[in-house]
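This report concerns only the one structure given below.
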Amino acid sequence: MHAVAFASSTAGWQARAFGSGADDVAVVFDAAEPGSATTAVLAACLSDGDGRALQHEEAWDWTLNRRLHGLIAVRLAAGDASLELQAPCGACGEPMALPLDVASLGSEPAAPRFAWRDAQGVEFRLRLPCGRDLRQWRDRASLSPMALARTLVEAIDDRSVEEGVPWSADALPALDDAFEAHDPLTALRLQAGCPSCGQVNDVACDLEAALLAGFAGRQAVLLDEVARLAGAFHWSEAEILALPRWRRAQYLRRIDGAGSWA
Ligand SMILES: [Zn+2]
């Protein structure tokens with residue numbers, strides 16, 4: 001177990017592993033609010049160089065790309081770089097395993113703002129979506145793809161979008177590609193050969209969901225440990241969670257009858 005640094009050039013955040021602290025049992029993984037589980041994991045596990053915990057409000061302000069890098073750092077802090085994603089083959093439907101080394105995805109978040117030119121040479125100034133955008137998009141469920149894209153365009157040829165710059169839905173696919181090229185993590189695509197039929201698949205992966213599923217599994221293990229210790233020693237949840245990890249492990253071995261007090 002070790003702390004993992006990320007985003008070193010902008011702010012030196014340190015990540016700890018998820019699944020051992022009192023904050024970790026409070027994370028709700030099946031919350032209806034989009035982004036809230038990620039925000040809670042980041043706030044529980046990240047601290048700055050002075051040991052100050054990341055605040056929830058700040059985590060909501062981070063781009064989706066930066067939030068993903070934060071989740072990856074939390075995963076790496078547990079010493080676990082390999083993640084297995086699942087997807088059905090597009091040709092034969094057989095399930096495929098897509099192994100991913102999350103350490104290979106880098107530790108430096110993409111710049112939150114970038115410029116892009118369309119085929120006609122028109123310059124778009126764009127911003128990456130942040131956690132807060134997820135909540136706003138959810139509240140405006142009827143938002144068209146065009147209106148949604150508009151929220152991420154800050155200027156077109158140095159004029160604000162509100163000034164009525166001519167711009168049509170034809171630009172959307174190219175704009176999508178521009179976001180994907182600048183931030184390949186948020187809409188991660190993996191190539192996978194199907195073991196059954198040999199078809200090479202280009203699979204869109206939900207990296208955030210896969211990372212959160214891993215943390216939810218760790219939380220379930222932690223809660224199970226609490227239940228076993230409470231049953232055996234009649235300590236409260238808070239008392240058990242306040243124990244350092246090595247002492248919890250020792251008491252659990254004692255329950256299993258394998259522990260030696262020597
Ligand atoms: Zn196949």
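Here is a check on your reading of the model: is A192 surrounded by 12 or more Cβ atoms within 10 Å (Cβ to Cβ) and modelled with pLDDT of 95 or more?
no
What number of residues within segment 114-134 are charged (D, E, K, R), out of contact with any Phe, Trp or Tyr (no Cβ under 6 Å at 6 or more places or on another chain) and either surrounded by 15 or more Cβ atoms within 10 Å (Cβ to Cβ) or not assigned by TED's automatic domain parsing to the domain that holds S168 (or both)?
4
Table: residues versus (1) closer than 30 Å to V161 by Cα; (2) within 16 Å of the ligand (Cβ to nearest atom); (3) at pLDDT 95 or above.
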position	(1), (2), (3)
E84	no, no, no
G90	no, yes, no
L98	no, yes, no
S104	no, no, no
P109	yes, no, no
P112	yes, no, yes
A115	yes, no, yes
V122	yes, no, no
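Does A181 count as away from the ligand (no atom under 16 Å from the Cβ), under 30 Å from M96 (Cα atoms) and over 17 Å from the mean Cα position of the chain (by Cα)?
In short, yes.
L241 versus (1) in a helix (DSSP H, G or I); (2) of a type in the set (A, V, I, L, M, F, W, C); (3) without any contact (Cβ under 8 Å) to a residue 40 or more places away in the chain: which is the lone unmet condition?
Condition not satisfied by L241: (3).
So which residues in segment 1-28 are modelled with pLDDT under 70 and assigned to a loop (DSSP other than H, G, I, E, B)?
Within segment 1-28, M1, H2, A3, A7, S8, S9, T10, A11 qualify.
Results for (1) in the same structural domain as G19 (by TED's automatic domain parsing); (2) surrounded by 14 or more Cβ atoms within 10 Å (Cβ to Cβ), shown as yes or no for each residue.
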site	(1), (2)
G51	yes, no
L54	yes, yes
E57	yes, no
R66	yes, yes
G70	yes, yes
L76	yes, yes
Q86	no, no
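So which residues in segment 154-173 are assigned to a helix (DSSP H, G or I) and surrounded by 14 or more Cβ atoms within 10 Å (Cβ to Cβ), if there are any at all?
V161, A171, L172
In segment 86-107, how many residues are more than 17 Å from the chain's Cα centre (by Cα) and of a type in the set (A, V, I, L, M)?
Total satisfying the criteria: 5.
All but one of (1) at pLDDT 90 or above; (2) more than 16 Å from the ligand (Cβ to nearest atom); (3) surrounded by 12 or more Cβ atoms within 10 Å (Cβ to Cβ) hold for T151, so report the exception by its number.
(1)
The values are calculated or read from the model by the stated rules, or taken from the named source; none is laboratory data. Everything numeric in this text was worked out from a predicted model, so none of it was measured. FYI the Cβ positions are ideal-geometry reconstructions off the backbone, even for glycines, and counts take in every protein chain you see.
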